[in-house]
Amino acid sequence: MFWSDNQSRPPIGIDIGARRFKAAQLDASGDAIAAATALPRTDSSGVPSPEEVRRLWNVLERGGFAGHQLVLAAPADKVVGSVLELPKSQALAIGQLARMELARSHKCAPEAMEVGCWELPAPARAGKSVQVMASACRHEDLTPLLDAFETQGFEIEAVDLRSCALARVAARLPENDDDSRKEGAVTGILDLGWTGATLVLLHRDTIVYERRISEGGLQKLHDELLRRLHIDAEIADFLMGDSSNSEESEAAALQPDVDALIANHAESLASEVSASFEYAAHQYHDAAVSNLNLCGTGACVKGLDKHLRTHLSVPTAALRPAQIYPGLEKQQLQCISPELVGALGLAMFPMQALEQNKEQAA
């Protein structure tokens with residue numbers, strides 16, 4: 001144990017991005033954000049180096065976090081998934097059946113992977129089968145990630161699916177408490193990361209669809225700015241945010257070109273998202289997509305939400321941790337950033353599930 005203040009807090013959620021570590025922790029009651037931060041990475045590879053993890057340790061120690069227990073997300077590029085159709089008579093064994101099916105299709109032993117699965121709401125034309133969404137990650141792909149943190153003194157309490165972490169946050173939005181949930185409206189979450197975007201659709205708080213959009217990542221837009229405007233990476237980062245501080249600034253002269261490139265990126269992304277919305281409409285005729293929540297680093301890009309809203313004709317806005325939980329005064333700036341949504345969702349991992357895991361291990 002390394003921090004002495006308030007060891008009764010839940011584990012720290014750590015979201016490992018290509019460019020940043022994001023961390024969040026709730027207070028002991030689980031009713032407020034106790035600490036939140038983002039830390040630039042020195043290595044963009046998937047598995048953090050020992051030096052990166054030690055640096056993260058020091059930042060967390062100084063940033064008001066407590067304890068050394070973590071909840072991590074499974075590496076997105078190592079997670080495999082499928083929608084399975086099972087006879088209703090076999091619904092009680094969905095976990096075992098999903099494991100066997102994923103192991104068969106990906107040619108590995110059933111015991112060599114961790115599997116998560118859940119039953120989907122009945123589609124508009126329900127038959128005699130049950131639809132189940134299943135995701136898995138091989139142990140050999142998880143072990144390097146776990147070792148990177150455990151060898152530096154951290155304890156991994158759980159490894160979660162990133163889509164589940166995002167859904168956990170979206171389900172707590174105030175607007176999801178109204179009649180739209182009862183009517184079965186579909187809520188969209190678009191996680192705009194550096195190397196790609198991930199779209200998650202929720203129907204009655206259940207993930208019914210997940211899709212990785214490789215071309216939707218912020219890196220593509222960033223590279224286009226470098227190529228077209230002949231600027232360096234730091235200036236490109238600045239221009240993608242709100243750089244309209246002065247009409248006389250150098251940035252102001254470039255802003256029309258930047259806005260055009262952002263609009264083009266949004267149009268391309270909206271085309272892919274729209275196709276996924278059509279899938280949801282086909283599966284659930286009684287439920288239209290009611291809103292799209294943006295999170296991740298890309299949700300901070302100036303004007304991106306407005307462009308997506310225009311192309312998709314769906315209410316679109318950044319999802320921020322402070323909408324779900326109040327933050328401590330010193331954490332207010334961090335708590336309004338949509339890039340921390342993933343870390344918050346990991347920090348919200350159900351404590352009862354952690355206790356069950358410990359009992360099973362014992």
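Amide H to amide H, with H built 1.01 Å from N, LEU294 comes under 5 Å of LEU190, ALA317, ALA318, LEU319, counting only residues 5 or more places away or on other chains. In the frame of its principal axes, region 187-318 has Cα extents of 52, 24, 20 Å, reported largest first.
Between the amide H of HIS68 and those of PHE2, distances stay under 5 Å, these residues lying 5 or more places away or on another chain, with hydrogens modeled in the peptide plane.
Between the amide H of ILE213 and those of ALA197, THR198, LEU199, distances stay under 5 Å, these residues lying 5 or more places away or on another chain, with hydrogens modeled in the peptide plane.
Look at the alpha carbon pairs under 8 Å that are at least 6 residues apart: their mean separation over the length of region 9-116 gives a relative contact order of 22 percent.
Report note on the peptides 30-39, 109-118, 196-205: ranked by the mean count of other C-beta atoms within 10 Å, highest first, their order is 196-205, 30-39, 109-118.
If you wrap the tightest convex hull around every Cα atom of region 77-138 and split its volume per residue, you get 81 Å³.
Working note: Karplus 6.51/-1.76/1.60 with θ = phi - 60° gives region 156-166 the couplings 8, 7, 6, 10, 10, 6, 4, 4, 5, 5, 5 Hz, where Gly and Pro are set to x. Applying the Karplus relation 6.51 cos²θ - 1.76 cosθ + 1.60 with θ = phi - 60° to region 297-303 yields 3J(HN,Hα) values of 4, x, 5, 8, 5, 4, x Hz, where x marks Gly and Pro.
Quick note: the coordinates plus some simple rules give every number you see, no bench work behind them. Computed from a predicted structure; not experimentally measured. Ideal geometry is used to build each Cβ from the backbone, glycine not excepted, and the neighbour counts take in all protein chains shown.
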